[in-house]
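Contents: one structure, followed by commentary.
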Amino acid sequence: RAHQDEADCLTISLMLYPYLTHPLRQIRRTIRVWDEIMRRRVIETYVGERQTRRDRPGRAFEGGYPYTFDLLTDFGTYKDLMRHRMSTQLRQRFTPLLGFSLPPDLKEAGFADRAEACRDRAMALYRRLTPDFPEAASYATLHGSLVRWVMGINDRSLHHLIELRTTPQGHPSYRQVAQAMYRAVKERSPWRAEVMRFTDHDDYSWSRAASEARQRAKERKLDSVSGAS
């Protein structure tokens, strides 16, 4: 009974998740203390008036994976990791209110002030649009703004994601997210983490340096061969 109630809380929380800005854990805490009337109201609103079997319920009913990660990432990391299709994903509305990630490269190049000025202009536009056009206001969000989204995933698919996305060639942002996923798995189930033996835990200042160097070497070799002929 308790296990089923937790499963129900997760499903109802996922129904609400895309329409809120709160973390999944906070939503679940609220749902746990709701009575049956409140829960039924959410369920009936979410499911709607199904006219045929093709009027399928939404992705909230895909909950129940071994792992459910509530992620707060920059837009680029979201776009890279969302490509892993052996999972279910729910995203909250784009908003600049969750924070902004400024890449270190921009700071080192001296463009931090200009980037922050763009962020402030986008925030001002977002606040102007939100009262009358809350959905359209999402278009005033920059790629550096943080995105809150949920990923439910099974063991095998998570192995693939973590080992692929922690390779030295990976972007630093999603490498850090994948490494954090690994640590979360290790904390809950050490033996499962041990199976992910090809996870790379190192940090690289220029993640593609080695692969770029190999590519330049190949190009020079091809140039020398074509020049000799």
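Of the residues that make up the range 135-148, is at least one touching a residue at least 12 places away in the same chain (Cβ under 8 Å), of a type in the set (A, V, I, L, M, F, W, C) and in a strand (DSSP E or B)?
Yes, the range 135-148 contains a residue that is touching a residue at least 12 places away in the same chain (Cβ under 8 Å), of a type in the set (A, V, I, L, M, F, W, C) and in a strand (DSSP E or B).
Taking the residues in the range 137-152 that are surrounded by fewer than 22 Cβ atoms within 10 Å (Cβ to Cβ) and among the hydrophobic types (A, V, I, L, M, F, W, C) as candidates, determine which candidate is farthest from D202 (Cα to Cα). Write out each step before concluding.
Within the range 137-152, the subset surrounded by fewer than 22 Cβ atoms within 10 Å (Cβ to Cβ) is 137-140, 142-144, 146, 149, 152.
Filter again for among the hydrophobic types (A, V, I, L, M, F, W, C), leaving 137, 140, 142, 146, 149.
Values: A137: 39, A140: 35, L142: 29, L146: 24, W149: 26 Å.
Restricting to residues being surrounded by fewer than 22 Cβ atoms within 10 Å (Cβ to Cβ) and among the hydrophobic types (A, V, I, L, M, F, W, C), the top hit is A137.
Picking from E44, E49, which residue would you name as being in a helix (DSSP H, G or I) and either at positive phi or surrounded by fewer than 16 Cβ atoms within 10 Å (Cβ to Cβ) (or both)? It would help to see each step written out before you state the result.
On the way: E49 fails: in a helix (DSSP H, G or I).
Going through E44, E49 in turn, just one is in a helix (DSSP H, G or I) and either at positive phi or surrounded by fewer than 16 Cβ atoms within 10 Å (Cβ to Cβ) (or both): E44.
Which of the numbered conditions does R128 fail, given that it passes all the others? Conditions: (1) assigned by TED's automatic domain parsing to the domain that holds S87; (2) at pLDDT 95 or above.
Result: R128 passes all but (1).
Those residues that are of a type in the set (S, T, Y) and more than 28 Å from the chain's Cα centre (by Cα), I need them from the range 43-58; list them, please.
T52
Assigned to a helix (DSSP H, G or I), of a type in the set (V, I, T) and touching a Phe, Trp or Tyr at 6+ places or on another chain (Cβ under 9 Å): is that true of I27 in this structure?
Numbers: assigned to a helix (DSSP H, G or I): yes; of a type in the set (V, I, T): yes; touching a Phe, Trp or Tyr at 6+ places or on another chain (Cβ under 9 Å): yes.
Judged against the criteria, I27 is a match.
Do we have L81 as closer than 14 Å to H171 by Cβ and either crowded, with 17+ Cβ neighbours inside 10 Å or in the same structural domain as R156 (by TED's automatic domain parsing) (or both) here?
So L81 passes the test.
Just to be sure, is A117 in a helix (DSSP H, G or I), over 30 Å from V185 (Cβ atoms), outside the structural domain of T166 (by TED's automatic domain parsing) and of a type in the set (A, V, I, L, M)?
Working: in a helix (DSSP H, G or I): yes; over 30 Å from V185 (Cβ atoms): yes; outside the structural domain of T166 (by TED's automatic domain parsing): yes; of a type in the set (A, V, I, L, M): yes.
Yes, satisfied.
Would you call D55 among the acidic types (D, E) and under 18 Å from V177 (Cβ atoms)? Steps first, answer last, please.
On the way: among the acidic types (D, E): yes; under 18 Å from V177 (Cβ atoms): no.
For D55, the condition - among the acidic types (D, E) and under 18 Å from V177 (Cβ atoms) - is not met.
From the residues in the range 146-195 that are more than 24 Å from T95 (Cβ to Cβ) and small (G, A, S), which one is modelled with the lowest pLDDT?
Once the filter is applied, the top-ranked residue is G170.
Answer yes if at least one residue in the range 101-110 is surrounded by 15 or more Cβ atoms within 10 Å (Cβ to Cβ) and in contact with a strand residue (DSSP E or B) (Cβ under 6 Å, 6 or more places away or on another chain), and no otherwise.
For the range 101-110, residues surrounded by 15 or more Cβ atoms within 10 Å (Cβ to Cβ) and in contact with a strand residue (DSSP E or B) (Cβ under 6 Å, 6 or more places away or on another chain): present.
Could you check the range 78-129 and list, in sequence order, the residues that are within 14 Å of the chain's Cα centre (by Cα) and without any contact (Cβ under 8 Å) to a residue 60 or more places away in the chain?
Across the range 78-129, the qualifying residues are K79, R83, R85, F94.
Residues of the range 165-188 being in contact (Cβ under 8 Å) with a residue 12 or more places away in the chain and outside any loop (DSSP other than H, G, I, E, B), which ones? Break it down into steps so the answer makes sense when it comes.
Looking only at the range 165-188, we keep the residues that are in contact (Cβ under 8 Å) with a residue 12 or more places away in the chain, and these are 165-175, 177-179, 181-182, 184-185.
Listed by number, the residues that qualify are R165, P172, S173, Y174, R175, V177, A178, Q179, M181, Y182, A184, V185.
The values are calculated or read from the model by the stated rules, or taken from the named source; none is laboratory data. In this text, all values refer to a predicted model and were calculated from it rather than measured experimentally. Quick reminder, even Gly has a Cβ in these numbers, built from the backbone with ideal geometry, and neighbours come from all protein chains shown.
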